[in-house]
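To keep things clear, I will list the structure first and then write my remarks on it.
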Amino acid sequence: MKRKTKLFLLLLSVVFLCGCGKKEKYDLQVEYSALVFADVTGYYLGQQYYQGEEILLAGTKEGEVRLLRDGKREEILLRGMPESLLNIETRWWLDNQGNPYVLYRDKVFLLNQEGEVRLEAQADGVVTGICESAAGEIVLKINAADKHRSGLTILDTKTGTMGKIIWLKDIAYCIAKGYEKDILIADAKGLYDYGLSDGSRQYYIEWRGTAYDPQSGAEDIKFLSDNQIELYAEKDMVVTLSKINPEESGKTVLTYKTTYVTGEIKELIVQFNKEDPDYYIVIEERQTNEDYDTFREKVEIEIAAGHGPDILDDSSVQNPYALIEKGAIEELSPYIEAAGIDRTAYFPTAFQGFKVETGVYGIGIGISVHSCCADSSLFSGEETYSLAHMMDILEEQEGDKVFQNKKDAVALVHDWLKPSEDLYGMVDWEKNLCDFSGADFCRILELAARYGAGEGKGADGYLFNRVDINNYGWYAGYDNSIKNSGRVMTGFPGEEAGAHSLAVNTIAVNAASDKKEGAWRFIFFLLQEEIQEKLGMNAACYQFPTNRQAFWNAGNYWCENHVGVRLEPAEDPEWVIEADWFTKEQLADLESLLGRAVFFPYKTQEILAIIEEETALYFDGSKSMEETVDVIQNRVQLYLDEQAGR
C-alpha cells in the first residue's frame, strides 16, 4: 500500500455558485498529494477522514482490522472478526467516536469498539456509502437496481430502523458531512450541499467546463475554507481545490468550445496550462440542459460571423465543411511545415481532419475503429463482404432472424448505404442527378424490413455483431472472442469488400481568432510523441495515438503491463468480450486494421437523413414502396439542385 509522496499544481477553469445563485467564474489551483501508508498484507476495507486526518482501513485473512494513518505505524483496530463481517465485499467506516460500521450488500452492521454487533439493519437496495450529517445523524447512500440514481436514508442507531428513502436526481459518487447544510454530495454534475429535510441544494462547484475529471473519484470530502475544498480520492490520494483569479495568471487565455471534453484530454489541457509559459486554455462545454444540435448551431453561427472560440473540434459544430468553404476554419499546412513535422511519422488520418483530403483543416490526435463481425459460415471475411453479396446471403437465410440486435430497419438502410459516396451509383455528384427507381434500392428496403429488429422479431437470433475498437485491451478482447466463437470481422458492406469505419478526434483552429499561434501551440503539444504515448497508455482512454511510434510504444506497454479485459456489450449481453493478454501479434494486426479503415463519406449525410425520414414511414406501413421511392427521388433531386445553385 506504500505510495511515493508527490506534489504538483494544476490550473483549471471552474464555475463556483455562490449562495445567492449568482455565477462567478474562477480558475482552480489543484494540488495532488499522495499518502504514504505502512505496508500491510491484506485487502482494502475503506478510507475516510477520521477525527480530522486521512485513514485507510484494511482487513487480513487472520480476521484483523487494521487502521493506517499517513506516515505512521499501523494500528490493530480489532481481532478475531468473522468472515461474514470481514471479506473483500465489505466496506468499513468509523464514526467520530470510533464505532465501526460495516456495509455489506443491502445490510449495515453497527459494532461496538470490541467488535460485537450492536445492531443490524437492512436497506431497500445496496448500501454504497455512509457519512455523518452536520447534525450527527448517520446517513446511508443507497443504490437500487431498478433506479439509475442514488437514494439517501437516515439510520436510527438505537432501533436499527431506517427512514424513508429520499431519491436524488442522479447517482451520487460520494457523500460527506455538510458545510452549510446537512451533507455534501459529489455527483457527475458537481459538488453541492444538500438539505435532507427540504431537498435544497447549494452547488459549490460544477465540473462541466472545467479541466477536472470527476471520474477520478473521491471517497470523502472536507471543506477547508470558503475558497478551498479537499477531496480524499481513490488510490490514497488527496486533491485540494483552491479558487484563484484567472486574470492574475499573466497568460493569454484561449477558449476551447465544444459539447464535451473527455477526461484524458482534460488531463492534457491541465498539463499544457501548467507547462506553457504564454497561453492558458479555458474549456466552454455544452451545459447539461442545452440541446446538442442547438449548441453546435450556435457555435457555428458565432464562427461564421467572425467570432467564436479559438479552438474547436469535430463535435463543436454541425457542419464543419460549410465553415471550411467559407474560410472560417484555419488551413494548417503552413503551421505543419514551419514546425518541421514529419507527416510519415503519423497515420495519414492525423492530417485528414473532417475527412477533407485537400488541405489540412483539422488535426487528428486520436483514432478508433467501428466495424461488424459475423459467423464465418456466412462470410469468409471482409474481402467477401460487398453489398451485393450480403443481399444474396440474406435472401438465402431461413427462420426468424434479425440482422443485428437492436438495429431496426431504418438503421440498417443507413448502415448499408453509408460506406458509399455515390450510394452505390444512385447519386451522380458531377451531373447533380439521382435515381432511386432501380431494383437494388427496392431490394435494400425489402431486406431491411425483413431483418430489422423490432418487437416480436428475432426468435432465431441475429446474424451480425457490432465491434467498437477503442483501445488495446478492447482489441484483444474482440480478437479473442471473435476467433473463439467462429466469427470473422466483416466491416460494413462496401462496393467490392467490407469497410471498417474510422473515427478521429479532430482539433481545429478558428480562422477569425487573433490567438491562432496559441491555438496551434496547443495542437503541436498534442502531437508530440510523449503526449501521444500518454494517451495510448491510459486504460480509460478510448482512442489510439495517431503518432506511429507512440502507437507502438503504448502497444508494447499494454503487452507487458495490462492483463484481463472483460466487456459485456449492451447490444448483446450474451456475447462476452474477454482476453487475458494483449499480444505482440495482436499489436501488428491492429496496426494493419487501422491502416485499412477508412473515413465514411460526409457529403451523403443530408441525403441519408432524407432516406431515413421517408423509409421510416414505409416501414411503419404509412406509405407504399412506390410512394416512398417517389418521395425520396423528388426530395434528393431537390437537394442536389439546391446544392448546385449555391
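The values are calculated or read from the model by the stated rules, or taken from the named source; none is laboratory data. Here the structure is a predicted model, which means the values were calculated and not measured. Cβ sites come from the backbone with ideal geometry, for glycine too, and all protein chains shown count toward neighbours. Side chains are part of the model used for accessible areas, which takes the heavy atoms of the whole protein and leaves out ligands, DNA and RNA. Shrake-Rupley method; radii C 1.70, N 1.55, O 1.52, S 1.80 Å.
Within segment 503-551, being farther than 22 Å from P320 by Cα and acidic (D, E) holds for E529, E530, E533. For the residues D479, D440, the requirement of being within 29 Å of D580 (Cβ to Cβ), in a helix (DSSP H, G or I) and among the charged types (D, E, K, R) singles out D479. Restricting segment 582-598 to residues that are among the hydrophobic types (A, V, I, L, M, F, W, C) and in a loop (DSSP other than H, G, I, E, B), the residue that is nearest to N547 (Cα to Cα) is A597.
Take the conditions without any contact (Cβ under 8 Å) to a residue 60 or more places away in the chain, part of a loop (DSSP other than H, G, I, E, B) and surrounded by fewer than 17 Cβ atoms within 10 Å (Cβ to Cβ) and apply them to S622. Does it pass? Show your work before the answer.
Values: without any contact (Cβ under 8 Å) to a residue 60 or more places away in the chain: yes; part of a loop (DSSP other than H, G, I, E, B): yes; surrounded by fewer than 17 Cβ atoms within 10 Å (Cβ to Cβ): yes.
Considered against the rule, which asks whether it is without any contact (Cβ under 8 Å) to a residue 60 or more places away in the chain, part of a loop (DSSP other than H, G, I, E, B) and surrounded by fewer than 17 Cβ atoms within 10 Å (Cβ to Cβ), S622 comes out as yes.
Quick one: in segment 37-54, which of the residues that are assigned to a loop (DSSP other than H, G, I, E, B) and in contact with a Ser or Thr (Cβ under 9 Å, 6 or more places away or on another chain) is most open to solvent (accessible area, probe 1.4 Å)?
Let us first name the residues in segment 37-54 that are assigned to a loop (DSSP other than H, G, I, E, B), namely 37-42, 51-52.
Restricting the remaining residues to those that are in contact with a Ser or Thr (Cβ under 9 Å, 6 or more places away or on another chain) gives 40-42.
Working: V40: 24, T41: 122, G42: 43 Å².
Per the criteria, the residue is T41.
Residues in segment 396-414 that are under 28 Å from the mean Cα position of the chain (by Cα) and either open to solvent by less than 10 Å² (accessible area, probe 1.4 Å) or over 15 Å from G494 (Cα atoms) (or both): F403, Q404, N405, K406, K407, D408, A409, V410, A411, L412, V413. Which members of segment 155-199 meet the condition of being open to solvent by 60 Å² or more (accessible area, probe 1.4 Å) and of a type in the set (V, I, T)? Within segment 155-199, T159, T161, I171 meet the criteria. Considering segment 341-395, and only residues there that are hydroxyl-bearing (S, T, Y) and under 27 Å from D313 (Cα atoms), the residue that is nearest to the chain's Cα centre (by Cα) turns out to be S368. For segment 306-340, the candidate set comprises residues that are among the hydrophobic types (A, V, I, L, M, F, W, C) and open to solvent by 30 Å² or more (accessible area, probe 1.4 Å); within that set, the residue that is farthest from Q549 (Cα to Cα) is A338. Does L68 count as modelled with pLDDT of 90 or more and touching a Gly at 6+ places or on another chain (Cβ under 9 Å)? When the stated conditions are applied, L68 does not pass them. For I171, the criteria (1) at pLDDT 95 or above; (2) under 21 Å from the mean Cα position of the chain (by Cα) hold in every case but one, which is (1).
One residue stands out in segment 55-99 among those that are of a type in the set (S, T, Y) and more than 18 Å from C131 (Cβ to Cβ): the one that is most open to solvent (accessible area, probe 1.4 Å), namely S84.
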